[in-house]
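The values are calculated or read from the model by the stated rules, or taken from the named source; none is laboratory data. Owing to the predicted nature of the structure, the values given are computational and were not obtained by experimental measurement. Reconstructed Cβ throughout: ideal geometry from the backbone, glycine too, with neighbour counts over all protein chains shown.
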Amino acid sequence: MTRQKWKEALVDVSELRKTWGGIFDNSTILTIRGLMIRGAIKELHSVIKEGKESMVLSGIGKDGPIAIKVYAVAAANFKRMHPYLIGDPRFAHVKSDRRSIVYAWATKEYKNLQKAANAGVACPTPIAVRANVLVMSFLGEGGVSYPRLSDIKLENYQNVFENVVNNMKLLYQKAKIVHGDLSEFNILLGDKPYMIDFSQSVVLNHPQADEWLRRDVENVCKYFSKHGVAAEAAQVYQLITNKSF
Ligand SMILES: Nc1ncnc2c1ncn2[C@@H]1O[C@H](COP(=O)(O)OP(=O)(O)OP(=O)(O)O)[C@@H](O)[C@H]1O
Ligand SMILES: [Mg+2]
C-alpha cells in the first residue's frame, strides 16, 4: 500500500458511518473523512449545539481542541442567505442551487474568520473549510463552550461593553467587515468576550453593510443598556466608523 492509502485506511469510512450516520448524510461523512485525512480533524467528540441550519461539534485537531460547524444542506434557509452573498463581491457569482449556496456560506464564514483573526479580533481561529464543514479553534474549557452573554450574569458590564466595542472597531477598521448578526447570542464570554458566528458577515462595500452595522450597534447597545451601561448607539457607531450616526 502507498503511504496515502495507509493514511486513508486509518479513517475507516464505515466506522464513521456507524457513529455519525444517524446525524450526517453521506456526503457530509465523506467531507469529514477528507478533513481527517488532511489532519484538520483528529477526533470527533460530541454535539455541542444543534440548530435548524447548522450543528456545532467538539473534537480534537492538530493543535488541540476544535469546534466543527456543519451546515445542513437540506434545511438551509437559502432565501435568507442570498442577500448576504450576492451583495458581497467575494461571492457575487455563486451558483443559485442549494448546495452551492450552503458551501459558499461555509467558505464565507471561514474567510470572515480569517479577516477577523488577522485583525486581532477575539474570535475562533479558522483551521479548515471543505464543502459544508468548517473547522475552527474551540472557545471553552474541558470540552464545554464558554457561555453566551445571553446565558449569564456579569459582575462588570461596563468592562465587557468596552471590550466588545473595541472588537467591533477592529472588525470594521482593520478587518474591514461588518459582523451582521451581532448580539448577546453570538458573543461567548471566557477570559474576555469573543465574537462567533461570522457566516453572514460582509465586506464594507456590500450595499447593506452600513445598515447591518447599525443593527449590530443597536443590538449591542440595547443589551448593555438593559444592564445599566450608558451605551449610546450614536456614540458607538461614531467610535467605530468615525462617521456620525
Ligand atoms: N469556536 C467555538 N468554540 C466553542 N463553541 C462554539 C464555537 N462556535 C460555536 N460554538 C457553540 O455553538 C453555538 C452555536 O454556534 P453559532 O452561533 O456559530 O451557530 P448558529 O447560531 O447555529 O449559527 P447560524 O445562526 O448560522 O445557524 C454557540 O452558541 C456556542 O455554544
Ligand atoms: Mg449564533
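If you scan region 153-192, which residues turn out to be in contact (Cβ under 8 Å) with a residue 60 or more places away in the chain, within 16 Å of ligand 1 (Cβ to nearest atom) and among the small types (Gly, Ala, Ser)?
180
Does any residue of region 193-206 turn out to be away from ligand 1 (no atom under 16 Å from the Cβ) and without any contact (Cβ under 8 Å) to a residue 12 or more places away in the chain? Please lay out each step first, then the result.
First pass over region 193-206, keeping only residues away from ligand 1 (no atom under 16 Å from the Cβ): 203-206.
Those still in the list that are without any contact (Cβ under 8 Å) to a residue 12 or more places away in the chain too: none.
No - not one qualifying residue is present in region 193-206.
How about region 129-181: which of its residues are of a type in the set (D, E, K, R) and assigned to a loop (DSSP other than H, G, I, E, B)? Show your work before the answer.
Going residue by residue through region 129-181, those that are of a type in the set (D, E, K, R) are 130, 141, 148, 151, 153, 155, 162, 169, 174, 176, 181.
Within region 129-181, 153, 155, 176, 181 qualify.
Looking at region 115-124, is at least one residue surrounded by fewer than 17 Cβ atoms within 10 Å (Cβ to Cβ), away from ligand 2 (no atom under 16 Å from the Cβ) and under 17 Å from the mean Cα position of the chain (by Cα)?
In the first step, residues of region 115-124 are kept if they are surrounded by fewer than 17 Cβ atoms within 10 Å (Cβ to Cβ); the result is 118, 120.
Filter once more, keeping what is away from ligand 2 (no atom under 16 Å from the Cβ): 118, 120.
Adding the requirement that they be under 17 Å from the mean Cα position of the chain (by Cα) leaves 118, 120.
Checked against the condition, which is being surrounded by fewer than 17 Cβ atoms within 10 Å (Cβ to Cβ), away from ligand 2 (no atom under 16 Å from the Cβ) and under 17 Å from the mean Cα position of the chain (by Cα), region 115-124 yields at least one hit.
Any residue in region 47-58 that is closer than 20 Å to residue 103 by Cα and acidic (Asp, Glu) sitting within a Cβ distance under 7 Å of a residue that is within 8 Å of ligand 1 (Cβ to nearest atom) and modelled with pLDDT of 95 or more? List the pairs, counting only those 6 or more apart or interchain.
Hits for this filter: 53/71.
Can you find a residue in region 183-203 that is under 17 Å from residue 236 (Cα atoms), out of contact with any helix residue (DSSP H, G or I) (no Cβ under 7 Å at 6 or more places or on another chain) and modelled with pLDDT of 95 or more?
Within region 183-203 (the criterion being under 17 Å from residue 236 (Cα atoms), out of contact with any helix residue (DSSP H, G or I) (no Cβ under 7 Å at 6 or more places or on another chain) and modelled with pLDDT of 95 or more), the answer is no, since none of the residues qualifies.
For residue 53, only one of the following conditions fails: (1) modelled with pLDDT under 95; (2) surrounded by fewer than 19 Cβ atoms within 10 Å (Cβ to Cβ); (3) farther than 30 Å from residue 227 by Cβ. What is its number?
(3)
Restricted to region 134-166, and to residues that are more than 16 Å from ligand 2 (Cβ to nearest atom) and under 15 Å from the mean Cα position of the chain (by Cα), which residue is surrounded by the fewest Cβ atoms within 10 Å (Cβ to Cβ)?
137
What is the one condition in (1) touching a helix residue (DSSP H, G or I) at 6+ places or on another chain (Cβ under 8 Å); (2) near ligand 1 (Cβ under 10 Å from one of its atoms); (3) under 24 Å from residue 110 (Cβ atoms) that residue 150 does not satisfy?
Single failed check for residue 150: (3).
Of all residues in region 191-205, which are assigned to a loop (DSSP other than H, G, I, E, B) and within 16 Å of ligand 2 (Cβ to nearest atom)? If you could, list the steps in order and put the result at the bottom.
Step one: list which residues in region 191-205 are assigned to a loop (DSSP other than H, G, I, E, B), which gives 191-192, 196-201, 204-205.
Passing the criteria: 196, 197, 198, 199, 200, 201.
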